[in-house]
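Just below is one structure, and these are the notes that go with it.
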Amino acid sequence: ILNQQLRAATTDLRIALTQARSEAIKRNRVVQLRPLDADKGWGSGWVIPSPIADDPDLLVHRQNGDVEILKDQDPDDVDPIDFSPMGRVPAVVEFAVDIGPPGSSIQGCMELGLDGRVTSTVGACEGG
């Protein structure tokens, strides 16, 4: 069950990252992906706000379950990710995904490259 939850959580995040990149290219403007609740971090979920003022958000995802998601191994890093109109990001970003209770959790790692594309692996991120 934990493997399925890890797969679901990483797939949800991959979809959001890919959608934000696609929207930035399609709209030819900067598009952000940011935590749904900055006080709770990336594990709370994420949102792609519309780059056009007063338009509805492009995506809102509430993360459920016993999931911890850390950006660049830092629980305090809740900075948004900006995708340029070319679909690129200013720096490589790593997401560590941890599913399940302490002592029996499993981990996955996702990396967002400078080109805005995502790769993922099962297991802990190299940095952590």
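The values are calculated or read from the model by the stated rules, or taken from the named source; none is laboratory data. Just so it is clear, the structure is predicted and the values come from calculations on it, not from any experiment. Counting neighbours? That spans all protein chains shown, and the Cβs are built from the backbone with ideal geometry, glycine included. We work out accessible area using only protein heavy atoms, side chains counted, and drop any ligands, DNA or RNA first. Shrake-Rupley method; radii C 1.70, N 1.55, O 1.52, S 1.80 Å.
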- Note: residue 39 to residue 92 extended length (0.36 nm per residue) minus current alpha-carbon separation gives 16.8 nm
- So for the chain, taking the charge dipole from beta-carbon charges (+1 Lys/Arg, -1 Asp/Glu), which of 18, 90, 114 sits furthest toward the positive end? 18
- Query: With Rg and the Kirkwood Rh both taken from Cα atoms, where does Rg over Rh land for the chain?
  - Reply: 0.96
- With each run of n ≥ 4 DSSP H residues scored as -39500 (n - 2.57), what mean residue ellipticity at 222 nm is computed for the chain after dividing by its residue count and rounding to the nearest 500 deg cm²/dmol? -7000 deg cm²/dmol
- Message: Could you derive backbone 3J(HN,Hα) for the stretch 26-33 from the dihedral phi with the Karplus parameters 6.51, -1.76 and 1.60 (θ = phi - 60°), listing whole Hz in sequence and x where the residue is Gly or Pro?
- Response: 4, 8, 6, 7, 5, 10, 9, 10
- Query: How much accessible area per residue does the chain have, in Å², with a 1.4 Å probe?
  - Reply: 56
- Using Cα pairs closer than 8 Å and at least 6 residues apart in sequence, work out the relative contact order for the chain, in percent. 24
- Rounded to the nearest 0.05, what FRET efficiency do residue 27 and residue 72 have when you use their Cβ-Cβ distance and R0 = 30 Å? 0.70
- Between residue 4 and residue 119, what is the label-to-label distance in nm when each label sits 7 Å out along the Cα-to-Cβ direction? 3.0
- Report, to the nearest whole %, how much of the accessible area of the chain belongs to carbon and sulfur atoms, 1.4 Å probe, protein only. 48
- Message: Can you give the FRET efficiency to the nearest 0.05 for residue 111 and residue 55, using r as the Cβ-Cβ distance and R₀ = 22 Å?
- Response: 0.15
- With Cβ to Cβ distances under 11 Å as the rule, what net charge do the other residues near residue 94 carry (K, R +1; D, E -1)? -4
- Task: Work the Kirkwood hydrodynamic radius out for the stretch 1-48: mean of 1/r over every pair of different alpha-carbon atoms, inverted, in Å.
- Result: 11.7
- the chain - charge dipole about Cα centre, Lys and Arg +1 at Cβ, Asp and Glu -1, debye rounded to 20: 580
